[in-house]
Amino acid sequence: MSHRGHGSGLPVTLVGHGLGATPGEARVPASGLPGTKVVVTLPSHGDEPDAPEGYWDYRRIGRDLLAVAREVGATRAIGVSLTAGALVAALAEEPDAFERVALLLPAVLDEPRPLLSREDAITSVEGPPDYLAQRRWAFTRLDAALAQLPGQTPVADRAVLAAVRAPVLVIGAANDPLHPEEVAKATAAAFPNGRLELVESWPAARRDVRGWLADFVSGSPGAWPTN
């Protein structure tokens, strides 16, 4: 796992991407955020070498994210799909790891997801033909992930997340076969300071999502509940 910083100053926000994300796609959640954005690149993505055998485990990825966060001094974290699950696993182990966490399109919580074919992983996501072509190429390196992740969960029991006191923003999408709405709802409900936002279409909602994330990361007074 590598990382690259963008911007400067505080707060410092760790930004993770989903499985098969292109380099440009991985930077999307960082767009418009205040302060320093540290965007990670997982193994088998972009210019990173292939993942070592057995790498694709939510807890292992979560620990890698925590290591980067400690290195760069990140107090906020944003995860998308796979890295949303990895951050959930990380928070289960270190509930006070971050001051604020945003989980975008969580795909699994404490109930395993079914086996997903490479073709389903590619074509279940909306996008123009050139984007889908990039995604198809990206997934040629990810057969091991598609084989190992089904059957896994970030936590065995969502009750452990009750120890997390930080505000957690969960953003899900309706009618998304890869990221069920029910998982987003359950994830938000598992955190004492969880808040749920649901959008009808992820591509159409990107401007709204950027605004929510910017307000959330900056801690704008009154924007999000805190205890």
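The values are calculated or read from the model by the stated rules, or taken from the named source; none is laboratory data. Note that the coordinates shown come from a computational prediction; the quantities given were computed from them, not determined experimentally. All Cβ positions, glycine included, derive from the backbone under ideal geometry; neighbour counts span all protein chains shown. Note: areas computed on protein heavy atoms with side chains; ligands, DNA, RNA excluded. Shrake-Rupley method; radii C 1.70, N 1.55, O 1.52, S 1.80 Å.
Worth a mention:
- Scanning segment 59-86 for residues that are assigned to a helix (DSSP H, G or I), of a type in the set (Gly, Ala, Ser) and touching a Leu at 6+ places or on another chain (Cβ under 7 Å) turns up 62, 69, 84, 86.
- The sole residue among 166, 147 that is open to solvent by 50 Å² or more (accessible area, probe 1.4 Å) and in contact with a Phe, Trp or Tyr (Cβ under 9 Å, 6 or more places away or on another chain) is 147.
- Within the span defined as segment 45-52, one or more residues are among the aliphatic types (A, V, I, L, M), open to solvent by 10 Å² or more (accessible area, probe 1.4 Å) and not in a helix (DSSP H, G or I).
- Filter result for residue 104 (closer than 19 Å to residue 20 by Cα, out of contact with any Pro (no Cβ under 6 Å at 6 or more places or on another chain) and of a type in the set (A, V, I, L, M)): yes
- The residue of segment 195-209 that is modelled with the highest pLDDT, among those that are open to solvent by less than 60 Å² (accessible area, probe 1.4 Å) and part of a loop (DSSP other than H, G, I, E, B), is 201.
- The test for being open to solvent by less than 40 Å² (accessible area, probe 1.4 Å) and touching a Ser or Thr at 6+ places or on another chain (Cβ under 7 Å) holds for residue 26.
- Test result for residue 96, modelled with pLDDT under 95 and open to solvent by 50 Å² or more (accessible area, probe 1.4 Å): no
- Unique match (being aliphatic (A, V, I, L, M), modelled with pLDDT under 90 and within 17 Å of the chain's Cα centre (by Cα)) among 213, 178: 178
- Flag for residue 132 being open to solvent by less than 40 Å² (accessible area, probe 1.4 Å), within 24 Å of residue 49 (Cα to Cα) and of a type in the set (A, V, I, L, M): no
- Residue 104, sole failed condition from (1) in contact (Cβ under 8 Å) with a residue 24 or more places away in the chain; (2) in contact with a helix residue (DSSP H, G or I) (Cβ under 8 Å, 6 or more places away or on another chain); (3) open to solvent by 40 Å² or more (accessible area, probe 1.4 Å): (3)
- When the helices (runs of 4 or more DSSP H) confined to segment 110-185 are screened for residues that are closer than 19 Å to residue 201 by Cα, those reaching at least 1 such residues are found at 118-123, 129-138.
- Exclusive hit being open to solvent by 10 Å² or more (accessible area, probe 1.4 Å) and on the phi < 0 side of the Ramachandran plot, set 10, 14: 10
- Annotation note: Cβ proximity below 6 Å between a residue of segment 17-35 that is farther than 17 Å from residue 86 by Cβ and free of Cβ contacts under 8 Å to residues at least 60 places away in the same chain and a residue that is open to solvent by less than 40 Å² (accessible area, probe 1.4 Å) and among the small types (Gly, Ala, Ser) (sequence gap 6+ or interchain) occurs for 23/46.
- Residue in segment 127-145 that is among the hydroxyl-bearing types (Ser, Thr, Tyr), at pLDDT 90 or above and more than 17 Å from the chain's Cα centre (by Cα) present: yes
- Residues satisfying the stated conditions in segment 53-63, i.e. open to solvent by 50 Å² or more (accessible area, probe 1.4 Å) and either in contact with a Pro (Cβ under 6 Å, 6 or more places away or on another chain) or closer than 20 Å to residue 98 by Cα (or both): 59, 60, 63
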